[in-house]
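The values are calculated or read from the model by the stated rules, or taken from the named source; none is laboratory data. The structure displayed is predicted, hence computed values, not measured ones. Please note: Cβ atoms are built from the backbone with ideal geometry, for glycine as well, and neighbour counts cover all protein chains shown. All accessible areas refer to the heavy atoms of the entire protein, side chains included, with ligands and DNA or RNA removed. Shrake-Rupley method; radii C 1.70, N 1.55, O 1.52, S 1.80 Å.
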Amino acid sequence: MSEDSPSQELVEPPAPKSPARKGGLKSATGLLLGLTGLGAVVFLGSVGVIGYLAFRGESAEVAEGSFLRVNLSGPLHDGPVQGGLLMDTADAPLLTAEIAGGIRRAADDERISGLYLDLDGAAGGWASWQELREAVVSFSASGKPCVAYSESYGNGSYYLASACDTVVLNPSGINMVNGLAMQITYYKDTLDWLGVEPRFEHVGDFKSAVEPFERTGPSESASLAYEELLDGLFGQMIAGISEGRGLSEAEVRAAIDDLPLGPERARSAGLVDAVAFQDAVERNIREAGSEQWITSLDGPLPEEEEEDDELFTSIRRYVQDGSSNGGGAKIAVVFAEGSIVTGDGERGLFADNALSDGAFAGWMDEIASDDDVQAVVLRVNSPGGSGLASDNMWREIERIKASGRPVVVSMGDYAASGGYFISAPGDYIYAQPGTLTGSIGVFGGMMSLTGSYEKLGLHQHTFKRGALSDFLTSTGEDSPAGREVFRAYLGDFYEHFLGRVSDGREMSRDAVHEVAQGRVWTGEQAVRLGLVDELGGLDKAIAKAAELAEIDGYDLVKLPRQRDFVEMLMEDLTSVEAGKVSLELPGPVAGQVGDLLLMEAVLDRGGVAAWSPGRIVAR
C-alpha cells in the first residue's frame with residue numbers, strides 16, 4: 001500500500017446472506033443431484049484433505065533478518081481464485097496486488113533484510129508486471145539488497161527482475177527478452193469455404209473486434225491502432241529496463257534485437273550480473289550487495305550443507321503476518337474480472353471465467369447493507385462484453401454512489417469497452433501505464449448459416465408475418481431494411497455509451513467521441529486523453545478511497561468472497577443454468593474459438609457488444 005496510508009491486507013468478509021433477487025429459483029432435481037454428487041466428493045476429498053492438512057500449515061512468524069522470498073510461477077492472478085478439491089480458500093494463490101503490497105511493506109520492516117525474486121515461468125499482462133515492478137522499485141529505494149534469479153527470463157519476468165540491483169541467470173538458462181509481437185488469425189477464407197457469412201455492423205472506425213471473421217487481414221485503421229499500441233507498450237518496457245540496468249535505451253533496444261540467448265552473452269550485453277546455480281545464490285544470499293558476493297557464487301560447494309530455517313520468509317507467510325489493525329470502518333475492494341455477460345449468479349466450478357451483472361448486483365447489495373463499508377474500490381480487469389450487462393452494472397455503481405460512498409476505480413491489465421463502461425462512473429480512476437483501456441465503441445450481428453445449409457443439401461423454407469420477422473436469425477434474409485434498422489440501433493447505443501462516459505468524466509460528448517470510436521489506448525495515453533485520472537496500482541486507489549471517505553483506520557474486505565470446491569459444485573448442480581458447461585479446446589485456435597463462442601453468447605437475441613477480445617500476455 002502507499003507509504004502515506006495505513007498498511008492493510010485484504011481479508012475475507014463473512015459469508016453474505018443471499019439477497020432476494022431475480023433468478024433465485026433453484027431446481028429441486030438439481031438439488032438432489034447435488035446431494036448425491038456431494039457424497040462422492042466428500043468421500044474422495046476427505047482422504048486427500050486429511051493428508052493435505054497434515055502437511056500444510058506455514059507459520060505466520062517472520063524470521064528476524066530474513067530475506068523476503070517471492071516465488072512467481074504460472075499465471076499472475078488479479079482477482080480471487082475460486083474452488084479446488086484440495087484447496088483451502090486460505091491457501092488460494094496470492095493476488096498480484098497482495099504480493100505487491102507485501103513487497104512494499106517489507107521495505108520498511110526491520111525484520112526483513114532483503115528481497116529475493118525466484119522467477120519460474122510466471123505469465124501475466126503488462127499492468128500486472130508493472131504493479132509488481134513498482135513495488136520492487138519501492139523496496140530497492142530502501143537500500144536493502146534485491147536479488148532476482150531465473151532459469152529462463154522472458155519479457156515480463158525480466159522487466160520485473162531489472163528493478164533489482166542483482167540479476168542472476170542459471171548457467172544453462174536462456175534469455176528470451178526478445179520484444180513484443182501481436183499475432184491475429186483471420187478466418188474469412190475458412191468461413192467462405194464453410195458457407196458461413198458474418199453479418200456484423202459496428203460503430204467506431206477502430207472497433208475491429210469482428211475483422212478476423214470478415215477480412216483476410218487488418219484494416220488500415222486497425223493496423224494503425226495495433227502499431228501505436230505496441231509502440232506504447234514496447235516503449236514502456238525499454239524505459240523500465242534502461243532505468244533498472246543503467247543502460248541507454250539504444251543499448252537496451254540493441255540487446256533485444258541481437259537477442260543474446262546464452263547466459264554469458266546476456267552478461268556481456270549487460271542484461272545479467274551473474275551466472276550461477278540457484279543453490280549458490282540462496283546459500284550466499286546474506287552477502288548480497290557486498291563487493292565479493294558475485295564472486296562467491298562461483299566458489300566451491302561446501303562439504304557440509306548448513307540448514308538455515310530463518311534465511312527466508314515466504315511472501316505468503318509475510319502477507320498472512322500483516323493482519324489489519326483498522327477500526328470499525330471498511331473499504332470494500334470489488335474485483336470485476338472477466339468478460340461481461342448477463343446472468344443471475346456467480347460462476348460455478350465448470351463455468352467460463354465471466355462476470356455476470358447478476359453476481360455484480362449481489363456484491364453491491366452486500367455493500368449497501370453494511371453500514372461499516374464507507375468506500376468502494378472497483379478493481380476492473382475486463383475486456384468488456386454485453387452492452388446490456390455493462391449498463392446494468394453501471395446502474396449498481398451509481399446506486400452505491402448515491403448512498404454517499406465514494407467509488408474509486410483501479411484498472412488491471414484490461415478495462416476496455418464494457419470494462420471502461422463500468423469504470424467511467426468512478427469518482428477517481430487509476431491505471432497502470434500498460435493497462436489496455438478505452439475501446440469506446442460497439443458492434444453486433446450474427447453468423448449466417450444459409451450457405452452451410454446449401455453445402456450440406458439442407459433446404460429451409462420460412463413462413464413469415466412481419467417484414468423483419470426472421471431478422472437476426474442464422475438463416476434469415478440479409479435485407480437492406482434490416483441492416484438499416486440494426487445500424488440505427490447500434491448508433492443509438494453508441495451515443496448512449498458516449499453519454500455515460502461524458503457524465504462520468506465530465507467531458508463533452510464531442511470530446512469523448514474524439515477519443516472513442518473503438519480505439520484502444522494504453523493507461524499512459526488514457527491519462528493524457530482524460531479517460532484516466534492518474535497512473536498507479538491498487539494501493540493508490542485504496543489510499544484515495546480512504547481520503548475521499550475521510551477515514552484513517554480501516555479494514556479491507558474483498559468481493560467476490562472466495563468459495564471452496566463444495567460451494568462451487570453446489571452452485572453448478574443447483575443452478576437453473578447448470579447446463580452451460582465450458583469446453584477447453586487444445587491447440588493454437590483455442591483462444592479464438594473461445595472468443596467466438598463468447599461473442600455468440602454476448603450477442604444472443606440481438607445484443608450489443610461493448611467488447612474488445614484478445615489478450616496480450618508477457619512471460
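Accessible surface for the stretch 422-469, divided over its residues, is 46 Å² per residue with a 1.4 Å probe. Looking at the stretch 153-292, the accessible area is 46 square angstrom per residue; that uses a 1.4 Å probe and ignores ligands, DNA and RNA. By definition, a body whose alpha carbon gyration tensor gives a ≥ b ≥ c is oblate when a/c is 1.5 or more and a/b is not larger than b/c, and the stretch 171-219 fits this oblate description. Any of K144/K540; K401/K540; K330/K558 with alpha carbons more than 18 Å apart? Name them for me. Over 18 Å apart, Cα to Cα: K144/K540; K401/K540. Ordered by 1.4 Å accessible area with all protein chains kept, T475, T462, T216 run largest first as T216, T462, T475. Accessible surface of the stretch 354-407, 1.4 Å probe: 45 percent of it comes from carbon and sulfur atoms. Normalising the average separation of contacting C-alpha pairs (under 8 angstrom, six or more residues apart) by the number of residues puts the relative contact order of the stretch 200-339 at 9 percent.
Here the accessible area is traced with a 1.4 Å probe on the protein chains. For the stretch 428-479, carbon and sulfur cover 55 percent of it. Sorting V81, V532 by accessible area puts them as V81, V532; the probe is 1.4 Å, largest comes first, and only protein heavy atoms count. Look at the dipole of the stretch 211-367 built from charges on Cβ: of A354, L301, P260, the Cα furthest out on the positive end belongs to A354.
Taking every protein chain into account, the 1.4 Å probe leaves D539 with about 20 Å² of accessible area, to the nearest ten. Evaluated with a Cβ-only charge set (Lys, Arg +1; Asp, Glu -1), the stretch 210-275 carries a dipole of roughly 300 debye about its Cα centre, given to the nearest 20.
With the whole protein complex present, K455 retains an accessible surface near 130 Å², based on a 1.4 Å probe. Here the accessible area is traced with a 1.4 Å probe on the protein chains. For the stretch 219-297, carbon and sulfur cover 49 percent of it. If contacts are Cα pairs under 8 angstrom and at least 6 residues apart, what is the relative contact order of the stretch 96-254 in percent? So the answer I get is 18 percent. Calculated on the alpha-carbon coordinates, the convex hull of the stretch 493-569 measures out at 178 cubic angstrom per residue.
Shown are L160, L458, L76, whose ranking by accessible area with a 1.4 Å probe and every protein chain present, most to least, is L458, L76, L160.
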